[in-house]
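J.: Below you will find the structure I want to go over with you.
The values are calculated or read from the model by the stated rules, or taken from the named source; none is laboratory data. All values reported here derive from a predicted model rather than from experimental measurement. Cβ coordinates were reconstructed from backbone atoms using ideal geometry, including for glycine residues, and neighbour counts include every protein chain displayed. Ligands, DNA and RNA are stripped out before the accessible areas are found, and what is left, the full protein with its side chains, is counted by its heavy atoms. Shrake-Rupley method; radii C 1.70, N 1.55, O 1.52, S 1.80 Å.
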Amino acid sequence: MFPWNKKFPFNQTDAQMPDAFKNMNPKNVEDYIQNIMGNVFGEGFQTQFPYQGNVAPSKTPQTVSRKPELFETNDHIFVKISATEEQASNIRIQHNSNQLFIMNYPENGGQEKIILPSLVRRKGTRASYKNGVLEIRMQKNEDLQMSEIDVVSEN
């Protein structure tokens, strides 16, 4: 007899179903899965998999992600940073045409360097803080200066 002919657990009637499967509680299965995923991926795995649905909160406090988020539109580049009001008052922001430097972040004396996806203007950058989020808006700069170079064959 081949193993695929056994058809277990498929096409089983209630009489053939093992008792362990008959008495299963969905809550116990969910707790078991959460426990296994916590062991494999670490205690903060819920932040790595944000689309899990309704997940029971873990017993340990979750750390807030301190990684700046970058978003690009047709005319602007936005950088979103999670920070407390005290942190936001200590943060210093500098940028050139292709890099953003955030001083005193994520802690005092620290520095975060972000390479921008396109060129930005030197003036016109705005930063605002509201509800725990520091938002930096930079205006894109269209670099239309293009040089064409002829290729000369040396034969």
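J.: Please list the non-local residues whose amide H lies under 5 Å from the amide H of LEU116, H modeled 1.01 Å from N, same-chain partners needing a gap of 5 or more.
T.: For LEU116, whose amide H was placed from the backbone, the distant partners under 5 Å are GLN99, LEU100.
J.: Order ASP31, ASP150 by their accessible area, 1.4 angstrom probe, all chains in place, largest first. Don't jump to the answer; show the numbers that get you there.
T.: Working: ASP31 70, ASP150 125 Å².
Solvent-accessible surface, decreasing: ASP150, ASP31.
J.: Spelling out what I want: for every residue of the stretch 86-102, take phi, set θ = phi - 60°, compute 6.51 cos²θ - 1.76 cosθ + 1.60 (Karplus), and round to whole Hz; glycine and proline get x.
T.: For the stretch 86-102, the Karplus curve yields 5, 4, 4, 6, 8, 6, 10, 10, 9, 7, 10, 6, 9, 9, 10, 10, 10 Hz.
J.: Can you sort VAL133, VAL151 by solvent-accessible area, 1.4 Å probe, largest first? Don't skip to the answer; put the middle values down first.
T.: On the way: VAL133 45, VAL151 140 Å².
Ranked list, largest accessible area first: VAL151, VAL133.
J.: Continuing with this model, one more query. Which log10 I(q)/I(0) values does the stretch 76-142 give at q = 0.14, 0.19 Å⁻¹ under the Debye formula, counting every alpha carbon as one identical point scatterer?
T.: Log10 of I(q)/I(0), two decimals: -0.38, -0.69.
J.: What figure in square angstrom, to the nearest 10, would you give for the accessible area of SER153 with a 1.4 Å probe?
T.: Looks like 90 Å² after rounding.
J.: Roughly how many debye, to the nearest 20, is the charge dipole of the stretch 82-138 about its Cα centre, given +1 on each Lys and Arg Cβ, -1 on each Asp and Glu Cβ, and no other charges?
T.: Values: 8 positive and 5 negative charges, 95 e Å.
Computed about the Cα centre, the dipole is about 460 debye.
J.: With θ taken as phi - 60° and the coefficients 6.51, -1.76 and 1.60, list the Karplus ³J(HN,Hα) couplings across the stretch 107-122 in order, rounded to whole Hz; mark glycine and proline as x.
T.: Values per residue, Gly and Pro as x: 9, 4, x, x, 8, 10, 10, 10, 7, 7, x, 8, 5, 10, 6, 6 Hz.
J.: Taking θ = phi - 60°, what integer Hz values does the Karplus form 6.51 cos²θ - 1.76 cosθ + 1.60 yield along the stretch 70-85, in sequence order, with x for Gly and Pro?
T.: Ordered by residue, 3J(HN,Hα) equals 10, 9, 10, 10, 5, 10, 9, 10, 10, 10, 10, 10, 7, 7, 7, 5 Hz.
J.: Taking a probe of 1.4 angstrom, what is the accessible area of VAL40 in Å², to the nearest 10?
T.: Ignoring ligands and nucleic acids, VAL40 comes out at about 100 Å².
J.: Return the long-range amide H neighbours of ASN141 (sequence gap of 5 or more, or a different chain), with a cut-off of under 5 Å between placed amide H atoms.
T.: Here the answer is LEU119, VAL120, ARG121, since their amide H atoms fall under 5 Å of that of ASN141.
J.: Another question, then. Skipping prolines and chain starts, which residues have an amide H placed within reach, meaning under 5 Å, of the one on HIS95, given they are 5 or more residues away or on another chain?
T.: When sequence neighbours closer than 5 places are left aside, the close amide H contacts are PHE101.
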